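One structure is given below, encoded as structure tokens.
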Amino acid sequence: MAMKLLLAAVTITWTAVALAEGVPVGRELAAQIQADIDWQDRVSERKANPSGEVMGAATWDDASGGVDGVKNGSYGFHTTYSENPWWQVDLERSYELGRVVIYNRMDSDVRKRAYGMMVLVSPDGKAWQEVFRHTDEEFGGVPDGKPLVVDLTGKGVSARWVRCQMPKTVSFHLDEVEVYPTSEPDTNVALHKPADQSSAGRSSTSKGLNPRSDELSFTLEGTARMLERAGGSLLPLRDQEVHAAAKAFRSVPP
Ligand SMILES: [Ca+2]
């Protein structure tokens, strides 16, 4: 549904731009844009889900449940049963980290799946440093008021990305992850930030948000490049026309 609305917005905006700029558009272009969306969906599914298990949602979509502010003792995200599964959040800028507070799933007897979890941080989303590793002591979440509190205060840990990862083969799920920087110890800077995870499966669910990762973002520039690579000639657009159309598209209110 979101993609259809997106397509409608693109088509309408493109048509408006086309009228102003004199660019020919029509059903053929709309079909190509839809093909682009379908292609991106297929590629992201294959990449995210090597096991072939049916996905309930895209990885970024399910992962957003770990930072949606909903803490109810159930799972906010849920990977497939896989080797070293991970979940991460992009804080969108670097912070000196004070605390990472992790709420476990408590709605069935699976809380031990998260035991042994590692917390890693990264300045760029590529190079990771382990800053914490849980041992076997119990930790809970909302129902018992005993989330795992990873205290990094005074350890000089600065990062933009925070990742939770399991060092074993397991289904990985948590209720919520909160990140508090030393500069604002009462502000959860992870709330509603872009998240992602290693895989999504039948237990993954859509949280109804718009795509936020670069991989899934949709632009007319991207479509034009994709058609060019595919050898298509349906878009005889000059760079400036593509740029103008993309700029107009981005100005459409969400
Ligand atoms: Ca949540």
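All of the numbers you see were taken from the coordinates with simple rules; none came from a lab. Because the structure is a prediction, the values reported are computed rather than measured. Cβ: placed from backbone, ideal geometry, glycine included. Neighbour counts: every protein chain shown.
Using modelled amide H (1.01 Å from N, peptide plane; none on Pro or chain starts), what sits under 5 Å from the amide H of residue 142, excluding residues fewer than 5 places away?
73, 104
Within the stretch 139-159, what residues put their amide N at less than 11 Å from the label point 7 Å along the Cα-to-Cβ vector of residue 129?
Output list for this probe position: 155-159.
What residues have an amide H closer than 5 Å to that of residue 131, excluding those fewer than 5 places away on the same chain, when H is modeled at 1.01 Å from N in the peptide plane?
Amide H to amide H, under 5 Å and 5 or more residues apart or across chains, residue 131 pairs with 119, 120, 121.
Karplus couplings for the stretch 141-148 from phi (6.51 cos²θ - 1.76 cosθ + 1.60, θ = phi - 60°), rounded to Hz, Gly and Pro as x?
Once rounded to whole Hz, the list reads x, 5, x, 9, x, 10, x, 7.
Taking amide H positions as placed in the peptide plane 1.01 Å from N, state which residues far from residue 191 in sequence (5 or more) or on other chains have amide H under 5 Å from it.
Result for residue 191 returns 179.
Modelling each spin label as a point 7 Å along the Cα-to-Cβ direction, I'd like the residue 84/residue 137 distance in nm, to one decimal.
About 2.7 nm separates the two model spin labels.
Explain nothing, just compute: Karplus ³J(HN,Hα) = 6.51 cos²θ - 1.76 cosθ + 1.60, θ = phi - 60°, for every residue of the stretch 201-207 in order, whole Hz, x for Gly and Pro.
Going residue by residue, I get x, 5, 8, 6, 9, 6, 9 Hz, with x marking Gly and Pro.
Could you give the nm distance between label points at residue 183 and residue 71, where each point is 7 Å from its Cα heading toward the beta carbon?
About 2.4 nm separates the two model spin labels.
Counting other C-beta atoms within 10 Å, which of 172, 139 has the fewest, and how do the rest follow?
The order, fewest Cβ neighbours first, is 139, 172.
Could you give the length gained by full extension between residue 110 and residue 205, i.e. 0.36 nm per residue of separation minus their alpha carbon distance, to one decimal place?
Stretched out fully, the residue 110 to residue 205 stretch lengthens by 32.4 nm.
Mind checking Rg over Rh on the stretch 82-125, alpha carbons, Kirkwood formula for Rh?
We get a ratio of 1.01 for the stretch 82-125.
Whole-Hz Karplus ³J(HN,Hα) for the stretch 115-123, in order, using 6.51 cos²θ - 1.76 cosθ + 1.60 and θ = phi - 60°, x for Gly and Pro?
Couplings: 6, x, 4, 9, 10, 10, 10, 8, x Hz.
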